[in-house]
Amino acid sequence: MSFEIRKMITTIEETFIEGGKAAEQPVTMVGVAAIIRNPWAGRGFVEDLSPEIKAHCSDLGALIVEYVSRAIGGADKIEAYGKAAVVGMDGEIEHASAVVHTLRFGNHYRNAVNAQSYLAFTNKRGGPGTSIQIPMMHKDDAGFRSHYITMEMSIEDAPAANELVICLGGSTAGRLHPRIGNRYQDLKDLEQEATLANQ
């Protein structure tokens, strides 16, 4: 059994120039959203969300991963990844979290891209047309700042009050022309500075 899906939306963004400088290789970002009926909306406060999580989240995760992989040209092309959820006004933030913050949902993506790091995320409440941000980071190492990248999209008619928008995002690379280093270099620099200050 699966969530009731009203529609699927795929957004593809290709960046060729950043800061006036052309890329050696353009960066492709893909965002896929499933607009589903919120199974907890209209039921008052639901104490136990687990029946729907166990019954539906795995199927939904597998489906969205299939869409992302196809749109970007294969899961092996994905270097950065992330997820997002928006709940309509008749739902709780916890309803959005219940879908995306479960291994039943996320493991399909991690396994597809052979990832080591966790999925960056946002979850929020909003109405139709609300801005959806899908934050991403390197699939293998959360310390690679070059791959801290965000895809933004919106859907004019979603989420309705009783709906959830569930998204996965993928990118073929990090930002164009990254030049701020990574957190490991920061740690080395701070350690060296502290050592010099104490001499």
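Which of the residues that make up segment 111-125 are over 12 Å from the mean Cα position of the chain (by Cα), surrounded by 16 or more Cβ atoms within 10 Å (Cβ to Cβ) and modelled with pLDDT of 95 or more?
Initially, segment 111-125 is screened for residues over 12 Å from the mean Cα position of the chain (by Cα), giving 111-117, 124-125.
If we keep only those that are surrounded by 16 or more Cβ atoms within 10 Å (Cβ to Cβ) as well, we get 112-113, 115, 117, 125.
Those that are over 12 Å from the mean Cα position of the chain (by Cα), surrounded by 16 or more Cβ atoms within 10 Å (Cβ to Cβ) and modelled with pLDDT of 95 or more: ALA112, VAL113, ALA115, ARG125.
Picking from VAL27, VAL65, VAL32, VAL46, which residue would you name as being surrounded by fewer than 19 Cβ atoms within 10 Å (Cβ to Cβ) and modelled with pLDDT of 95 or more? Walk me through it before giving the result.
On the way: VAL27 fails: surrounded by fewer than 19 Cβ atoms within 10 Å (Cβ to Cβ); VAL65 fails: surrounded by fewer than 19 Cβ atoms within 10 Å (Cβ to Cβ); VAL32 fails: surrounded by fewer than 19 Cβ atoms within 10 Å (Cβ to Cβ).
That would be VAL46, the only listed residue that is surrounded by fewer than 19 Cβ atoms within 10 Å (Cβ to Cβ) and modelled with pLDDT of 95 or more.
Suppose we keep only residues that are of a type in the set (A, V, I, L, M, F, W, C) and assigned to a loop (DSSP other than H, G, I, E, B) within segment 1-24. Which one would you say is surrounded by the fewest Cβ atoms within 10 Å (Cβ to Cβ)?
MET1
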Could you check TYR184 against (1) in a helix (DSSP H, G or I); (2) surrounded by 21 or more Cβ atoms within 10 Å (Cβ to Cβ) and say which number it fails?
-> (2)
Can you tell me which residues in segment 32-77 are within 14 Å of LEU164 (Cα to Cα) and either outside any helix (DSSP H, G or I) or in contact with an Asp or Glu (Cβ under 9 Å, 6 or more places away or on another chain) (or both)?
-> VAL32, ALA33, ALA34, ILE35, ILE36, ARG37, ASN38, PRO39, TRP40, ALA41, GLY42
Which of the residues that make up segment 132-153 are of a type outside the set (D, E, K, R) and out of contact with any strand residue (DSSP E or B) (no Cβ under 6 Å at 6 or more places or on another chain)?
-> ALA142, GLY143, SER146
List, please: which pairs have Cβ atoms under 9 Å, are six or more places apart or on different chains, and start with a residue in segment 98-117 that is within 19 Å of GLU79 (Cβ to Cβ) and part of a helix (DSSP H, G or I) and end with one that is modelled with pLDDT under 95 and polar (S, T, N, Q)?
-> ARG110/GLN116; ARG110/SER117
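Is at least one residue of segment 166-181 within 23 Å of ASP48 (Cα to Cα) and under 16 Å from the mean Cα position of the chain (by Cα)? Give the derivation first.
Filtering segment 166-181 down to residues within 23 Å of ASP48 (Cα to Cα) leaves 166.
Filter once more, keeping what is under 16 Å from the mean Cα position of the chain (by Cα): 166.
Yes, segment 166-181 has at least one match.
For segment 120-173, which positions are more than 22 Å from GLN185 (Cα to Cα) and among the acidic types (Asp, Glu)?
Across segment 120-173, the qualifying residues are GLU152, GLU156, ASP157, GLU163.
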Which residues, taken from segment 126-176, are buried (at least 21 other Cβ atoms within 10 Å of the Cβ) and in a helix (DSSP H, G or I)?
-> HIS147
If a residue has to be surrounded by 17 or more Cβ atoms within 10 Å (Cβ to Cβ) and either free of Cβ contacts under 8 Å to residues at least 60 places away in the same chain or hydroxyl-bearing (Ser, Thr, Tyr) (or both) to count, how many in segment 76-97 make the cut?
-> 1
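The values are calculated or read from the model by the stated rules, or taken from the named source; none is laboratory data. Owing to the predicted nature of the structure, the values given are computational and were not obtained by experimental measurement. All Cβ positions, even for glycine, are placed from backbone atoms using ideal geometry, and neighbour counts span all protein chains on display.
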